[in-house]
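What follows is a single structure, written as structure tokens, with notes after it.
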Amino acid sequence: MSPTIAHALAWAKSILASAGSDSPSTDARLLLAHVLGKDQTYLYTWADKILSDRTYVDFQHLVNARQQGEPVAYLLGYRDFWTLRLAVNPSTLIPRPETELLVEHALGRLSEDASSLCDLGTGTGAVALALASERPDISVTGVDKVAGAVQLARQNAIVNQLINVQFLQSDWFGALGNSQFNLIVSNPPYVEEGSPYLEEGDVRFEPRSALISGKDGLEDIRHIIGAAIPYLQAKGWLLLEHGYQQGKAIRGLFAHYGYTAVETVQDYAGLDRVTMGQRNTCE
Ligand SMILES: C[S@@+](CC[C@H](N)C(=O)[O-])C[C@H]1O[C@@H](n2cnc3c(N)ncnc32)[C@H](O)[C@@H]1O
């Protein structure tokens, strides 16, 4: 006979804990709520309810896949980011909570009369869509070089009913023509080739194209900082998310290319996470 909700959760929690999950209880609850098509409150309210055989089999499949390391977001097919629910798939990175810091600082640097912004390496569209939802008066462009990511971002815009955003397939600035933006934002790949981080947890399942950027992890960031200037309006801002040990090198790159008001801000763990600079109007 199939177990109750409480027993199924206890079983899954112990399997996932022994497989090394950082959050076995949360993972178990998310997966069971998903197969039941309910929210997590239902699991507490109906803890003694016996699962149907079909539900239990589906739940076991998901728990086994999670035990093998498959990210919960890929198993559910979505990840919540900012105020949005975003579809995810293996064409791009699963949005991270720390990237909300990039959104917060971008919002803080968009003046009231700003009219356009661009998100480079948009992936699921997370940053572009969060900004588009907060500033419906602004025209948002998101680009990614991976066709599957562009398709996913477009789907996420439709599902979230955001109409002030367009997505283009582009190798960084390649498809942007003569466009100029009040602000450019990017969470580009910034992991060094061969980093042990690439062999850890969920990252093992994410595409290398979303993660790796040359020997020092700075290849794409170097390119973006140098190439962004003609795409920024006078006093336009460039904001980049990066690794916690890269702040100093990135401030140096911003300074080298003549940006002003260069600043790094820390995430909630106190680690360098976002560096920004403003296009120098005297060029
Ligand atoms: C770290 S992921 C960030 C995804 C998303 N912005 C987020 O924060 O969740 C980097 C993204 O950059 C894209 N990318 C990598 N190289 C690129 C390039 N040359 N031009 C445009 N996009 C690129 C990848 O496909 C990936 O979607």
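The values are calculated or read from the model by the stated rules, or taken from the named source; none is laboratory data. Please read all numbers here as calculations on a predicted model, not as lab measurements. Note that each Cβ is placed from the backbone with ideal geometry, even for glycine, and that neighbours are counted across all protein chains shown. Only protein heavy atoms, including side chains, enter the accessible area calculation; ligands, DNA and RNA are left aside. Shrake-Rupley method; radii C 1.70, N 1.55, O 1.52, S 1.80 Å.
Given a 1.4 Å probe and the protein chains all in place, what does the accessible area of Trp82 round to, in Å² to the nearest 10?
70 Å²
Per 0.36 nm of contour for each residue apart, how much would the distance between Glu193 and Asp80 grow if the chain were fully extended, relative to their Cα-Cα spacing?
37.8 nm
Run the reach check for Lys38 against lysines, Cα to Cα strictly under 23 Å, same-chain hits fewer than 8 apart removed. What comes back?
Lys13, Lys49
Ordered by residue, what ³J(HN,Hα) values in Hz, to whole numbers, does the range 69-74 give under the Karplus form 6.51 cos²θ - 1.76 cosθ + 1.60, where θ = phi - 60° and Gly and Pro are x?
x, 3, x, 4, 4, 5
Which order do you get for His242, His34 if you rank them by accessible area with a 1.4 Å probe, largest at the top?
From most accessible down to least: His34, His242.
Just subtract the alpha-carbon distance of Gln68 and Ser18 from 0.36 nm times their residue separation and send over the number in nm, one decimal.
So the chain would gain 16.9 nm between Gln68 and Ser18.
Could you pull the accessible area for Val35 with a 1.4 Å probe, rounded to 10 Å²?
Rounded to the nearest 10, the figure is 40 Å².
Take the Cα atoms of the chain, build their convex hull, and give its volume per residue in Å³.
Residue-normalised Cα hull volume stands at 132 Å³.
Between the range 112-171 and the range 238-283, what's the alpha-carbon centroid distance in Å?
Taking the Cα centre of each part, the range 112-171 and the range 238-283 sit 22 Å apart.
Could you derive backbone 3J(HN,Hα) for the range 199-209 from the dihedral phi with the Karplus parameters 6.51, -1.76 and 1.60 (θ = phi - 60°), listing whole Hz in sequence and x where the residue is Gly or Pro?
9, 9, x, 4, 4, 4, 9, 8, x, 4, 4
Could you tell me which trypsin sites (Lys or Arg not before Pro) in the range 185-283 are loop residues by DSSP with no more than 15 other beta carbons within 10 angstrom of their beta carbon?
Counting only loop positions with at most 15 other Cβ atoms within 10 Å, the trypsin sites (Lys or Arg not before Pro) in the range 185-283 are Lys215.
Report, to the nearest whole %, how much of the accessible area of the chain belongs to carbon and sulfur atoms, 1.4 Å probe, protein only.
Accessible surface attributable to carbon and sulfur in the chain totals 50 percent.
So what is the calculated 222 nm ellipticity per residue for the chain, using -39500 (n - 2.57) for each DSSP H run with n of 4 or more, over all residues, to the nearest 500 deg cm²/dmol?
-11000 deg cm²/dmol
Compute the accessible area per residue over the chain, keeping the other protein chains in place, probe 1.4 Å, unit Å².
Counting only protein heavy atoms, the per-residue value for the chain is 47 Å².
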